[in-house]
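Notes follow the structure.
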Amino acid sequence: MRRPSAPRRQPPQTGRLLLLAALTLVVLPQLTHMPLWLAAGCMAVLAWRLLRDVKGWSLPGGLLRLAITILGTVAILSHYHTLIGRDAGSALLTVMLCLKLLELRILRDAMVALFLGYFLVVTGFLFSQSIFMGLYLFAVVLALTTALIALNHPGASTARIRSYARTAGGLLLQSLPLMVLLFVLFPRIPGPLWSLPDQGSSARTGLSEEMTLGTITDLVESEEVAFRVQFDGAVPDADLLYWRGPVLWHTDGRRWSPLGNRVVDRLKSGQVSYQGVEPTVAYTLTMEPHDRKWLFALDLPARVPSLPGGAWMRPDYQLVAENKVTDVQRYRLESYTRYNTGPLPDALRHLALHLPGDNSNPATRQLARQWHNAGLTPQAIIRHALDYFRDNAFYYSRRPPPLPGRDPVDRFLFDTRRGFCEHYAASFVTLMRAAGLPSRVVTGYQGGEVNPLGNYLIVRQSDAHAWAEVWLTGQGWVRIDPTAVIPAERVETPLDLVRFSSTAAFGLDPNRTTWLARNWQRLKNGWDAVNYGWNQWVLGFNEARQAALLERLGLARFGWAALAGLLVVSLIGAVLLLALYLIRHKPPAPDPVARLYQHFCRKLARQGIARMPSEGPLTFANRASGLRPDLAGAIGSITRLYIGLRYGGRNPAGYHRLKQHVSQFRP
């Protein structure tokens, strides 16, 4: 005779509602990275599940669920063109988690959905590792653990949600020491632990490897942080805070681009040499991810930084990492703020004088030839060009007019005369090359804002800038910033005026700002200081910093073997301490009478007659006797003996009779 299977336990409604709330918190960050129509579909499924639990709506049948699943998978595939990778994989997992709720009926379904939620929490860090995201996902884990406790509590009710949350919080707090131990001692591996397809569309930097003149007619100011810098000494003056990025050489009259890989490879073997006129400035730069290979340095870097994947310096003094910067990078650098780069190789001289065919920007070329034919020295030609910008009605504007046609530099210099840094840098370099002076465009950032709470410099995307470099005999490459000569009354944006003109960009003047503005700035500085600490001590805890910690602990000479041994010993010690605690605080042994009755209930449960949490002994005995009349006598005898011993007087004879009856009970 085949034994009937045990009944499938239904999750309590309180547990289901807590699970739905927790999974909604899990899904919300994922929805911001999905197309609107797909996010709306996920929210509709969550709403359907809520109405099922609150209003009693019916769940879709098997065929409809299968059709929705196939439709969701095809939709993701058609949008992302793959099911693999960060964006597509996270979207697929999110959709499958939401669809799992449409078939959630028994406790097993709820547990599967719960553990899918735990896994989806991890994917949230693939998009952001900020402290805000860390705190949010910690709260999500707390909510999931609360739901886990409620789902498995026999008498779950809304009145005990606080108790469940306190228990979940206690469990998470107990796990913190182990989490910190693993974070500090687990071997750091250079690069990610998994490989994801290139996320080129997610670059965050305000710069580009190319610059096209006259196509941007509305420059949006972004407060997003590009990098932070902590100097070993005093912060250099504002007119020295030029942060070097991509260097642009080639132009077709409108578009500017860097040296090609073939040219760089040919010149890479040559020695990059220059001499600092003054001592170097030492600093630590913490750069936000931008999904490109370039690195930033105060102009000019004295050496190449040490990065896990390696880095090198191009012939134009641009620092480049071997791998794309996809996570926070922290590196030490030294830079010369005043320098002499020495002679110019012939190959670079040719590139620095190149202009497209004679027909492009003819008016600009004619003006430069006048200066050249007049026999002016290179320094005098530079002064004439800067005076041209200063003395004529040029304006610095974030909303310049477009520059249509094939001669954008002519249109800017002789017609519109409104633009931002790229207009001035490109036009100045065009003038210099037409006058026979080797020159190039340099892009990066200029200035920064000192955070007094952390004594470091914040460089934002709004500080993105472009300037020019001209090669002069005896001086090498000399930085020229034509944007800086525009008079204050012709700078349309006050923040740009402050950034270009003085060190006032480093903070708010208390005599010229309101109480609200000053306190708002303090609040922003405090929050940024917290983020900087997070980047330094959590996201920046890489292989090098772990090695430094091991050295301070005296374990560096033992290598990874010592680290692994220390980790194992620490984990064993933690387990032993936990075991000691459990031994000293172990719960009292269950009552022997209750133990016999539980054994009796387990025998019935194996026959498909499980005692419900809300059933008392008599109620359960009546129901079990109704289901198995052939066992009614034995069930009644055992129940009466149990009640008499459990709630009445204890006697050894009664206990032995109960033990004998339970032992002989054969359902």
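The values are calculated or read from the model by the stated rules, or taken from the named source; none is laboratory data. None of the values given here were measured: they were computed from a predicted structure. For neighbour counting, all protein chains shown are included, and Cβ atoms are generated from backbone atoms with ideal geometry for every residue, glycine included. The accessibility values were calculated without ligands, DNA or RNA, using every heavy atom of the protein model including side chains. Shrake-Rupley method; radii C 1.70, N 1.55, O 1.52, S 1.80 Å.
Positive contributions from Lys and Arg (+1) and negative ones from Asp and Glu (-1), summed over other residues with Cβ under 15 Å from the Cβ of residue 618, come out at +3.
Projected onto its three principal axes, the C-alpha set of region 356-442 covers 37, 28, 24 Å, listed from the longest axis down.
Rg and Dmax over the alpha-carbon atoms of region 18-97 stand at 13.0, 38 Å. Straight-distance candidates among the aspartates and glutamates for linking to residue 603, with alpha-carbon spacing under 20 Å and chain neighbours fewer than 8 residues away dropped: 591, 615, 630. Using alpha carbon centroids, what distance separates region 347-401 and region 94-109, in Å? Here the answer is 67 Å between Cα centres. For residue 478, the amide hydrogen comes within under 5 Å of the amide hydrogens of 470, 471, 472, counting only partners 5 or more places away or on other chains and with H modelled in the peptide plane. Each semi-axis of the equivalent ellipsoid for region 275-382 is √(5λ) with λ an eigenvalue of the Cα gyration tensor; in descending order they amount to 36, 19, 12 Å. FRET efficiency for the residue 646 to residue 73 pair, using the beta carbon distance and R₀ = 60 Å, is estimated at 0.60. For residue 114, neighbours were defined as the other residues whose beta-carbon sits under 13 Å from its Cβ, and their charges (Lys and Arg +1, Asp and Glu -1) total +2.
Across region 614-667, the volume of the C-alpha convex hull divided among the residues equals 72 Å³ per residue. Ligands, DNA and RNA left out, the 1.4 Å accessible surface of region 363-464 is 49% carbon and sulfur atoms. According to the calculation over all Cα-Cα pairs in region 46-181, the P(r) per 5 Å bin from zero is 2, 9, 14, 18, 20, 16, 12, 7, 4, 0 %.
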